[in-house]
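Structure first, commentary second.
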Amino acid sequence: MYATAVEFQSKFGVPETVALTNLETIGAVAVDLPTLEQTLMDVTAEIDGYVGARYALPLPSTPSTLRAAACDMARYRLDRNLQREDVRLRYEDWIKFLRDVAAGRASLGLPASDQSPPVAPQGQVGDRPRYFRNSLSGRAQTGGGRY
């Protein structure tokens, strides 16, 4: 995970963490740790979807940028009943940043992987030639070559 429950609580405070992880439980006084940890794991998977386009996963270390992103993104997911504007805007800003990382317009300060983006296959696929009808001559020709 890019952020821990302790880091989340340090950033937003115990009272807010208790409130966000216990939206269904009125009067809760303790953090619902399984809810917080599951949310942080979900956010990690979401971040990996972007970061993995540019860097080999798992990352050799966790940049502080991703720690902050994970906390803000988890806060947004947990904030579903409160729907605070500032929380939503932070989430959207992180998504824009992560898209820039995936596209190579932003960096995490780590060496980029040697992975190249997948390239769509060209030409013939399979072991048998495909035939098509030449509309001008009416004769069958094999496909897959360059003309």
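The values are calculated or read from the model by the stated rules, or taken from the named source; none is laboratory data. As the structure is a prediction and not an experimental result, all values here were calculated from the model. Heads up, the Cβs are rebuilt from the backbone with ideal geometry, glycines too, and the neighbour counts pull from every protein chain shown.
Observations, loosely collected:
- Within segment 69-105, restricting attention to residues that are charged (D, E, K, R) and not in a helix (DSSP H, G or I), the residue that is modelled with the lowest pLDDT is Arg80.
- For segment 31-48, the set of residues classified as free of Cβ contacts under 8 Å to residues at least 24 places away in the same chain and either surrounded by 13 or more Cβ atoms within 10 Å (Cβ to Cβ) or not in a helix (DSSP H, G or I) (or both) consists of Asp32, Gln38, Asp48, listed by residue number.
- Top-ranked residue in segment 16-25 [being assigned to a loop (DSSP other than H, G, I, E, B) and without any contact (Cβ under 8 Å) to a residue 40 or more places away in the chain; ranked as surrounded by the most Cβ atoms within 10 Å (Cβ to Cβ)]: Asn22
- When Ala56, Ala28 are checked against the criterion of being in a loop (DSSP other than H, G, I, E, B), of a type outside the set (D, E, K, R) and in contact (Cβ under 8 Å) with a residue 24 or more places away in the chain, a single residue qualifies: Ala56.
- In the set (1) exposed (fewer than 11 other Cβ atoms within 10 Å of the Cβ); (2) within 28 Å of Pro111 (Cα to Cα), Val51 fails one condition alone, (1).
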